[in-house]
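Note sheet for the following structure.
The values are calculated or read from the model by the stated rules, or taken from the named source; none is laboratory data. Remember, it's a predicted structure, so these values are computed and weren't measured experimentally. Note that we place each Cβ from the backbone using ideal geometry, even for glycine, and neighbour counts take in every protein chain shown.
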Amino acid sequence: MSHANPNLRYAEIFVNGLAQAGLRAVCIAPGSRSTPLTLAFHAHPQVQVFAHLDERSASFFALGLALATDRPVALVCTSGTAAVEFHPALVEAYQAQVPLLALTGDRPPELRHSGANQTIDQVKMYGDHVLWSVDAPLPEPTPPDVALRNLRTLAARAYARADGLPKGPVHVNFPFRKPLEPEPPYHPDFSRLETSTARLERGALLPTSGQVSALARLLDAHERGWIVCGPRCPGGDFPGAVAALARRTGYPILADPLSGVRFGPHTQDAMVLSTYETFLQAEPPWEPPSLVLRFGAPPTSKWLNAYLDRVAPDHQVHVRASGVWGDDSHRVTHFLQAEEAAVCWALTATVQARGPGDWARGVWAGEEAARARHRAGLETAWFDAAVIPLLMEALPEGSNLVLGNSLPVRHVDQFAAASTKALHVYGNRGASGIDGVVSTALGVAAADVTRPTVLLIGDVSFYHDLNGLLAVGRLGLRNVTIVLLDNKGGGIFRRLPIARHDPPFQDLFVMPHGLDFAPLVQAYGLAYTQVQDR
């Protein structure tokens, strides 16, 4: 190993510790102060390196990669404002419980608060938007053994914290003194490094028999029940488990497009509703549910959230393994922190078999009527939402669909009918920003380059992250299609009361940009096709 340079020795030990913990991918932006980390990652045989010219794109790319793989992805950058560029993606990761490891190079302590160039205060710089922030020890030429054990333990703890309950971002700040580079040649042998002194594991968070029995009695007592699945429900067997529970209880499932429940074979025999954004805009003809069983984050649908707040079901039970609260109307009456699929399977085995009653069939009739209105209206209309049924039909089985914020996710929520076609749908609904969405989609695509990835995005959001397109050519991501809804500015503001105030509505909210995206896209070596009709 390169023990002549303490910076490299520390970086190698830490990177190897992350790899032993399970890290398999890192996104690196170029910079000098992070050189030891960059070289260690580049040399490690178990970690795939994704190089990016710009830190913000790198961080959102890592976010997409972590979304698609559901495992931590590392980020590396140099000191100064480079580290600041990670912040928006870390905010999204924190809000959406996505595991990231932000590793920032820094100046040594004697240069902090001294006026030294490219030196800012990076200690705990991300505030409450990370699960854990730690300043790594300054490398020493002859460190005591406990210092090296600390590095190995720090790597294991950082990975486990990012991948814990809840998942989320972790920040480790690395102060390095010069020289930052090793003497050539540099060929570290990671097999000679000691293994981690700590093995961190998490047991299953299973519901107790008493919790299951109490919840089953509640479900048995309420025939008028809904199962509401919001964004970021768990994957694995959860969709099948919640569908089995719905069939057993007779409860309809209101499935957000980002829940992982709206699309797939599990919808075959379950009442999976997808048009509630339409039929809840008017008062439905049936009685409101008396019980709502919730999974995942708060739903995207404004009308669904408003309806549940207005009718205030007697019981609103939220099951979420992460323990993260998600109820801005403060209507939840019971919160259970347990693994969602385990709860569903246990309840299915315990509750009385009821099947859909008259009330549930009435709700389903509302769903079918709304679907019919959508089909009739969208078959002849030509506006941005009319793209949705065409897109959903064209997507190959098993595709990735990444939804931009603002109008795209809302259009899909309202107009994409539930189906048995298996799709993997992603979006940044933690903080719901419009920045970094192109890079997020490309990170999703990089997780499995054989799977088609389609990004549905608005024009302003696309403009925000044009530089993310550079990754397509650099990383050879050829199985990607971007569907750009160009409505010439901030179209979502036309849905808000401010639209009645013009001026300043047009100039300060819609802000027409006048951009021709064709030459911008072609500058990155990509093909551009403009679609103006069916």
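Points to keep in mind about this one:
- The residues listed here are S259, S209, S213, S191; of these, the one that is polar (S, T, N, Q) and within 26 Å of the chain's Cα centre (by Cα) is S259.
- Some residue of the stretch 358-377 being modelled with pLDDT of 95 or more, aliphatic (A, V, I, L, M) and assigned to a loop (DSSP other than H, G, I, E, B): no
- Every residue from the stretch 464-498 that is out of contact with any Leu (no Cβ under 7 Å at 6 or more places or on another chain), in a helix (DSSP H, G or I) and crowded, with 18+ Cβ neighbours inside 10 Å: H464
- Test: residue in the stretch 172-193 that is hydroxyl-bearing (S, T, Y) and either surrounded by fewer than 23 Cβ atoms within 10 Å (Cβ to Cβ) or in contact with a Cys (Cβ under 7 Å, 6 or more places away or on another chain) (or both): yes
- Taken together, the criteria place S191 among residues that are outside the structural domain of R361 (by TED's automatic domain parsing) and outside any loop (DSSP other than H, G, I, E, B).
- Which listed residue, of L65, L39, is part of a helix (DSSP H, G or I) and within 21 Å of the chain's Cα centre (by Cα): L65
- If you check E277, E223 for being acidic (D, E), surrounded by fewer than 20 Cβ atoms within 10 Å (Cβ to Cβ) and in contact (Cβ under 8 Å) with a residue 60 or more places away in the chain, only one passes: E223.
- Residue ID - surrounded by the most Cβ atoms within 10 Å (Cβ to Cβ), chosen from residues in the stretch 314-348 that are closer than 13 Å to G230 by Cβ and of a type in the set (D, E): E340
- Only listed residue being without any contact (Cβ under 8 Å) to a residue 12 or more places away in the chain and not hydrophobic (A, V, I, L, M, F, W, C), chosen from P169, P231, P144: P144
- Residue satisfying condition, being touching a Gly at 6+ places or on another chain (Cβ under 8 Å) and not in a loop (DSSP other than H, G, I, E, B), within set R202, R247, R232, R217: R247
- Qualifying residues in the stretch 124-141 (those that are among the hydrophobic types (A, V, I, L, M, F, W, C) and under 21 Å from P179 (Cβ atoms)) - the one surrounded by the fewest Cβ atoms within 10 Å (Cβ to Cβ): L138
- Some residue of the stretch 20-32 being within 12 Å of the chain's Cα centre (by Cα), surrounded by fewer than 22 Cβ atoms within 10 Å (Cβ to Cβ), hydroxyl-bearing (S, T, Y) and assigned by TED's automatic domain parsing to the domain that holds A155: no
- Within the stretch 68-118, the set of residues being buried (at least 23 other Cβ atoms within 10 Å of the Cβ), within 24 Å of the chain's Cα centre (by Cα) and in a loop (DSSP other than H, G, I, E, B) comprises P72, F86, V98, P99.
- Complete set of residues in the stretch 152-187 that are out of contact with any helix residue (DSSP H, G or I) (no Cβ under 8 Å at 6 or more places or on another chain) and in a loop (DSSP other than H, G, I, E, B): D163, G164, L165, P166, K167, K178, E183, P184, P185
- From the options D269, D237, D256, residue that is at pLDDT below 95 and either in the same structural domain as L308 (by TED's automatic domain parsing) or surrounded by fewer than 24 Cβ atoms within 10 Å (Cβ to Cβ) (or both): D269
- Test: residue in the stretch 100-119 that is of a type in the set (D, E, K, R) and within 23 Å of N428 (Cβ to Cβ): no
- The lone exception for A51 - which of (1) within 12 Å of the chain's Cα centre (by Cα); (2) surrounded by fewer than 20 Cβ atoms within 10 Å (Cβ to Cβ); (3) among the small types (G, A, S) it fails: (1)
- If only residues of the stretch 76-128 that are touching a residue at least 60 places away in the same chain (Cβ under 8 Å) and polar (S, T, N, Q) are counted, the one that is nearest to F50 (Cα to Cα) is T104.
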